[in-house]
Amino acid sequence: MSSLRADVFVGKSVLVVGGTSGIGAAVANAFTQHGGEVRVTGVGAVAAELDEAIEVFESDVTRPGSLKSIVDEMDRLDVLVNCAGIIRRGEELEPEAFARVVDVNLTGTMRACAAARELLARSGGCIVNTASMLSYFGGALVPGYSASKGGVVQLTKSLAAGYAADRIRVNAVAPGWIRTPLTEELQSDPEVTARILGRTPLGRWGTPRDVARAVLFLASEEAEFITGTVLPVDGGYLAV
Ligand code: NAD
């Protein structure tokens, strides 16, 4: 359940990039449940749990112009959420895989922000990006993912300053360890799971819905004086 009013996003148009699975799909559903008109983009399969009212577009964030063509068809945009992301454990020590992960996670986020800026400026809208625990730590097997998520934090701060004159707020969430297809490999490894849960004071995996609630807060009027911040949604993982 959410403590936000059910009609809080009525009349608002929301675009969730990477909204066809996991966290993005939960974010898209949550905006729909609170009255928003929601579009999602992604590549490949679409999660079965996505609400039927949501319009789905196939769109690769690494293809310049692909998001722009979607945004150009829209009359209004109030909220952009960037959830597109990939991880290539082990492979990212090679420069090619490193560059690919940075292109999707970091440059893809920038492409979406740039494509949406004009429409968001018209509505005085906002952006919520997706950082990670690996924005704070390095990861031996995932240098590309860590670099990209560190970059998402600095991008969020920079665009908060750069877009402020357009009345666009820019924030990020930093999810902890969340049950989605991206972490399936970790979830099925009992040792990794024990290590993660042993360090998480609230003692459980996060759900996509946990992250969606924080995204809705940052996108709501309740957060109208908040910009340039990163909100961990991690069950306390960063606290210890
Ligand atoms: P997921 O694999 O379930 O979803 C990823 C989404 O990104 C999908 O909609 C997919 O279509 C889209 N995507 C992938 N490559 C794309 C591309 N080239 N162009 C456009 N869209 C593309 O993963 P998730 O766990 O829901 O991850 C969502 C975001 O949350 C990612 O940025 C991820 O890094 C971040 N995150 C996840 C966790 C976690 O524990 N699951 C933790 C921290 C951060």
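Shown for segment 121-224: the carbon plus sulfur share of the solvent-accessible area, taken with all protein chains present and a 1.4 angstrom probe, equals 55%. Against the chain, whose longest principal axis is taken from its Cα atoms, helix 22-33 shows a tilt of about 30°. Using a Gaussian network model of the chain in which every pair of alpha carbons under 10 angstrom is joined by a spring, one finds that among ASP166, ASP210, ASP189 the greatest mean-square fluctuation is at ASP189. Sorting the Cα pairs of segment 8-50 by distance into bins of 5 Å, from 0 upward, gives 7, 29, 33, 19, 10, 3, 0 percent per bin.
Evaluated with a Cβ-only charge set (Lys, Arg +1; Asp, Glu -1), the chain carries a dipole of roughly 600 debye about its Cα centre, given to the nearest 20.
So what's the projected area for segment 1-121, the Cα convex hull averaged over all directions, in nm²?
Taking the Cα atoms of segment 1-121, their convex hull projects to 8.2 nm² on average.
Taken per residue, the accessible surface of the chain reaches 47 Å², heavy atoms only and a 1.4 Å probe.
Roughly speaking, what % of Cα-Cα pairs in segment 43-109 are separated by over 15 Å, rounded to a whole number?
Of all Cα-Cα pairs in segment 43-109, 63 percent lie more than 15 Å apart.
Solvent-accessible surface of protein heavy atoms, probed at 1.4 angstrom with all chains present, puts GLU224, GLU55 in the order GLU224, GLU55, largest first. Quick check: net charge around ASP75, other residues with Cβ under 11 Å of its Cβ, Lys/Arg +1 and Asp/Glu -1? Neighbourhood net charge equals -1.
Note on the chain: Cα-only Rg and Dmax are 16.8, 50 Å. Heavy-atom accessible area, probed at 1.4 angstrom with all protein chains present, ranks ILE23, ILE168 as ILE23, ILE168, highest first.
Over segment 103-157, the ratio between the Cα radius of gyration and 2.2 N^0.38 Å evaluates to 1.26. How much net charge surrounds ARG209 when only other residues with a Cβ under 14 Å from its Cβ are counted (Lys, Arg +1; Asp, Glu -1)? Summing Lys/Arg as +1 and Asp/Glu as -1 gives 0. With distances taken between every two different alpha-carbon atoms, segment 117-240 has a Kirkwood hydrodynamic radius of 15.4 Å.
Using the Cβ atoms and a cut-off under 13 Å, what net charge is assigned to the surroundings of VAL142, where Lys and Arg are +1 and Asp and Glu are -1? Net charge around VAL142: 0.
The values are calculated or read from the model by the stated rules, or taken from the named source; none is laboratory data. Model, not experiment: these values are computed from the prediction. All Cβ positions, glycine included, derive from the backbone under ideal geometry; neighbour counts span all protein chains shown. Just the protein is used for accessible areas: all its heavy atoms, side chains included, with ligands, DNA and RNA removed. Shrake-Rupley method; radii C 1.70, N 1.55, O 1.52, S 1.80 Å.
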